[in-house]
Structure formats: C-alpha cells, structure tokens
Amino acid sequence: MNAVPLNKNQHALTKDRVVTILGATGSIGQSTVDLVRRSSGKFRVEALTAHSNVGELAKLARELNVKFAAVADEKCYADLKDALAGSGIEAGAGESALVEAALRPANWVMAAMSGAAGLKPAMAAAGRGVVVALANKECLVCAGEVFMRHAAANGATVLPVDSEHNALFQAMGAGRREDLVRVILTASGGPFRSATLAQIENATVEQALKHPNWSMGRKITIDSATMFNKALEIIEAYHLFELRADQIDVLVHPQSIIHGLVEFSDRSVVAQMGAPDMRTPIAHCLAWPERIDGPANRLDLAQIGQLTFEAPDPVRFPALRLVQEALVAGGAVPTILNAANEVAVAAFLDRKIGFGGIPLLVEATMSAMARQGNNKAPASADEALNIDYNARNVAATLAPQLALKAS
Ligand code: NAD
Ligand code: MG
C-alpha cells in the first residue's frame, strides 16, 4: 500500500496531535509555527530543529515550550545550551541530534529542512510509522523509492505539503486511484516567465530572488526562477503518487490560484484552488483528515478576474528537458540532478557562476557521471547520500569551468 493515504479511512486521526518541526526556522517551519500558535493549545510541540540560527530556534523553543531543540551545526551547541539555560529544554547538535529530534515521541512530523540533508531525519520519522508532512521535496528526488518504500513498510502516513502535490492529493479524493489518468502541476513561471533566453542567462541574483507570487526560502526561490523547482516536483509527484512520467504534465499559470489538477478516465478534471499561501496546504496536513480554520486570504475570483495558462518552454527553461532525461534514464540520475542543482544554486548565490550556468552545470554533471558508468538506483538512504556526495564533488569540480565561460 502507498504511504500517501488516498483513502481517508486508511489512517485514523490521532486525537492528541503532538508535533515536531524539522527546519523550524525556515519559511515552511515558521508557517507551521504560525498555525500551531493560532490553534490555541490544540497541538503540543515536542521538538524543533534548525541549521544554525540559535537565537530564533531558542526563542521558538521557549515560546512553544518544547522538550528538545537541535541545531545541525555542531559549533552552535554551546550557544544553544546557553540560550536554553533554565528552561528545562534539552539541547542537541549535529546530524545525529536532527535524527534524534525526528525520533522523539511526536505523532506528526513536519519535514521542512531544505536540501538532501533532510533525508535522514525524514527517514527516521517515517520509520516510526507516524504522520510525516513532507515539504522537503529534495528528499524524494534524491531517494524517492527508498523513502516511500520505507514509509509504507513502517505504516507511516506521508502527507504532501508542497502546494501542487497537496492540491493533487486533495483533488484525488474525488475519484478512485485506478480511474486517474493524468495529473497537472501548475507553475507560476517565476520571475523570468516572459524574459528572453539572453535575459534569463544573464539574470542577477537580485532578479532571480524576486518571486512574483510566493514568499519562500532562497534555494526554492532560485529553483522557481530556473524552473528546476517544477522539475523536482515532477519527480516528487512520480514517487508520491506512483505515477508514470507520461502521466505528469506541467502548465504555466502565472496567478498561482489553481495549484494542481487531476484528470479521471471520464475526462473530468478536478482542480484545487486557493490564494498562494503555504499555510493552506500546511493546515490541510496538520488537521488531516479533518479541517481547521486557515489564516490565508479568502479566494475572491471576481476580484482576480482572469486565470491564464501557457505551455511551459523547455528551451528557455532547460530544467524541464533535463528532468525528462533524468526520468527516462532512471537509476541514479534523478539523485545526481538534485545534487548538481543544489551545488549550482549555491554557486549562483555565491556569485561564482551565472544564472545560465545553473542548468549547464546540472547537465554537465549528469553527463560526467553517466560517463563514469555508475547509474544504479540507490537501494538505501546511505547509497542515495553516497551518490549525492559524489555528484556534488563532480559538480564542484566542473563549476569553475562554467565561471570562466560566463566571464
Ligand atoms: P528555508 O531555507 O526557508 O528553511 C530551511 C530550514 O531548514 C531552516 O530551518 C534551516 O535552518 C534548515 N536547514 C537548512 N539546511 C539545513 C541543513 N543542512 N541541516 C539542517 N537543517 C537545515 O526553506 P523553505 O523555503 O522553508 O523550504 C523547506 C523545504 O520545503 C524545501 O525542501 C523546499 O523545497 C520545500 N518547500 C518549500 C515551499 C515554500 O513555500 N517555502 C513550498 C514547497 C516546498
Ligand atoms: Mg511547489
């Protein structure tokens, strides 16, 4: 059975929802905290994690009266301990402390760390058979089969937080899984939707960080500008809902009101809509299968007036071509694509490569690794992280050549 519960009765709602938030200081983490805050004591918070923002983590930990707070960066341990002194909250640091946070007795875990670094803690949470609200798409791209198999084998419930996948999950409720023929992920098109290829290739960090509709962390904002975000989301949908690649379409929809559509065999297409505010899909996951009051603006279609749609352009946005190649090749290639993209985005944000260098670096890494001939799909999280590590090294070695080309 798939870990995504397409049958509402598959898992009963736990009466007392005890929450852990992995990546609590980030954009999704803070939105989750906001919902917990508004719920006036309905949810108890067990553990929180962050990369290195000790001040914010300690503030949230005290406010929510959690039992355990952990930072990824071991150098921050003493500061975190100091910041929590006298509160009775336990402090932890390092990769093992992130896993420990995921293992603490919560029955609902938000996996909202960014990047493949989120894989091990998300696996640990899934291994406990609890509800995992999954925002971290990189973990599915890096090790989708491994993660979903592990979740199903341990009786975990995986709820998709990513707005498009949450929309598909909600829309799928309108029919039977076996009658589903296609899903459509919408994409805003990002800040360069109507830019020329030359403008896109030469875009600055400041231009790329200006998303027209969504306010998000830096990595995913750059991914939205390159459309690697949609590329990762195609792989995410592939694993979450056990779809074939040819069942997943992308539709550019600049207003970001329709988040996802599902087509059934009778040609009925069911869509989910809402204002672009991540607190809506997070609220859906937090209360699932019930509903709680959401704080997003109510949808006023008369005021919006028009919803428009365009076909995606794989020429200006090579990410859309590369993801198809990765899915056709299968094996380790999606893991390689994800790792190379993480390196490329970091190099772009550090101004070491140009915006046009991001897809070039991903493609060059995919080709270099294909020439090395190690293309076996990862059979465990460690194998996935090993491929991820090798791909990062290859990408880091290739990056300076692209920097030279760009100058
Ligand atoms: P963010 O950068 O705002 O926050 C990331 C969080 O993870 C922070 O708490 C940070 O401290 C922590 N973190 C980062 N690197 C870490 C590491 N190496 N080890 C441990 N902790 C680390 O990111 P975000 O925008 O909140 O996105 C989080 C995840 O959710 C990403 O996978 C993203 O693709 C996905 N997502 C985000 C949105 C959104 O609207 N922001 C929408 C859909 C999916
Ligand atoms: Mg999304």
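Listing for the model above:
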item	result
From Gly92, Gly23, residue being touching a residue at least 60 places away in the same chain (Cβ under 8 Å) and in contact with a helix residue (DSSP H, G or I) (Cβ under 8 Å, 6 or more places away or on another chain)	Gly23
Condition broken by Leu299, with the remaining ones in (1) open to solvent by 30 Å² or more (accessible area, probe 1.4 Å); (2) within 13 Å of ligand 2 (Cβ to nearest atom) satisfied	(2)
Output for the stretch 124-140, where each listed residue is near ligand 1 (Cβ under 10 Å from one of its atoms) and either basic (Lys, Arg) or modelled with pLDDT of 95 or more (or both)	Leu134, Ala135, Asn136, Lys137, Leu140
Residue match in the stretch 196-208 (condition: within 16 Å of ligand 2 (Cβ to nearest atom) and not hydrophobic (A, V, I, L, M, F, W, C))	no
Some residue of the stretch 318-328 being more than 30 Å from Glu383 (Cα to Cα), open to solvent by 70 Å² or more (accessible area, probe 1.4 Å) and not charged (D, E, K, R)	no
Index of the failed condition, Asp79 passing every other in (1) surrounded by 15 or more Cβ atoms within 10 Å (Cβ to Cβ); (2) under 23 Å from Lys120 (Cβ atoms)	(2)
Checklist (1) touching a residue at least 60 places away in the same chain (Cβ under 8 Å); (2) under 17 Å from the mean Cα position of the chain (by Cα); (3) within 13 Å of ligand 1 (Cβ to nearest atom) applied to Leu98, failing item	(2)
So Thr157, is it open to solvent by less than 50 Å² (accessible area, probe 1.4 Å), of a type in the set (Val, Ile, Thr) and within 15 Å of ligand 1 (Cβ to nearest atom)	no
Residues that are under 24 Å from Arg244 (Cβ atoms) and either in contact with an Asp or Glu (Cβ under 6 Å, 6 or more places away or on another chain) or in the same structural domain as Ile222 (by TED's automatic domain parsing) (or both), drawn from the stretch 336-367	Asn338
Selected residue [surrounded by 15 or more Cβ atoms within 10 Å (Cβ to Cβ) and either at pLDDT below 95 or on the phi > 0 side of the Ramachandran plot (or both)] from Ala3, Ala70	Ala3
Residues of the stretch 231-245 satisfying the condition of being part of a helix (DSSP H, G or I), open to solvent by less than 10 Å² (accessible area, probe 1.4 Å) and of a type outside the set (Asp, Glu)	Ala231, Leu232, Ile234, Ile235, Ala237, Leu240
Some residue of the stretch 246-268 being within 16 Å of ligand 2 (Cβ to nearest atom), open to solvent by 10 Å² or more (accessible area, probe 1.4 Å), modelled with pLDDT under 95 and of a type in the set (S, T, N, Q)	no
The one condition in (1) within 15 Å of ligand 2 (Cβ to nearest atom); (2) open to solvent by 10 Å² or more (accessible area, probe 1.4 Å); (3) in a strand (DSSP E or B) that Arg182 fails to fulfil	(1)
Residues of the stretch 166-208 classified as out of contact with any strand residue (DSSP E or B) (no Cβ under 7 Å at 6 or more places or on another chain) and within 16 Å of ligand 1 (Cβ to nearest atom), total	5
Test: residue in the stretch 79-90 that is out of contact with any Gly (no Cβ under 7 Å at 6 or more places or on another chain), within 12 Å of ligand 1 (Cβ to nearest atom) and hydrophobic (A, V, I, L, M, F, W, C)	no
Among the residues listed as Ala187, Ala135, Ala171, the single one being in contact (Cβ under 8 Å) with a residue 60 or more places away in the chain, under 18 Å from Met110 (Cα atoms) and small (Gly, Ala, Ser)	Ala135
Residue check for Asp223: surrounded by fewer than 22 Cβ atoms within 10 Å (Cβ to Cβ), at pLDDT 95 or above and either within 13 Å of the chain's Cα centre (by Cα) or part of a helix (DSSP H, G or I) (or both)	no
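Here is a yes/no grid of residues against (1) in a helix (DSSP H, G or I); (2) assigned by TED's automatic domain parsing to the domain that holds His253; (3) buried (at least 24 other Cβ atoms within 10 Å of the Cβ):
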{"site": "Val132", "(1), (2), (3)": "no, no, yes"}
{"site": "Val141", "(1), (2), (3)": "yes, no, yes"}
{"site": "Gly144", "(1), (2), (3)": "yes, no, no"}
{"site": "Phe147", "(1), (2), (3)": "yes, no, yes"}
{"site": "His150", "(1), (2), (3)": "yes, no, no"}
{"site": "Phe192", "(1), (2), (3)": "no, yes, no"}
{"site": "His211", "(1), (2), (3)": "no, yes, no"}
{"site": "Trp214", "(1), (2), (3)": "no, yes, no"}
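The values are calculated or read from the model by the stated rules, or taken from the named source; none is laboratory data. Note that the coordinates shown come from a computational prediction; the quantities given were computed from them, not determined experimentally. Here the Cβ is made from the backbone with ideal geometry for all residues, glycine too, and neighbour counts use every protein chain on show. Side chains included, ligands, DNA and RNA excluded: accessible areas come from the protein's heavy atoms. Shrake-Rupley method; radii C 1.70, N 1.55, O 1.52, S 1.80 Å.
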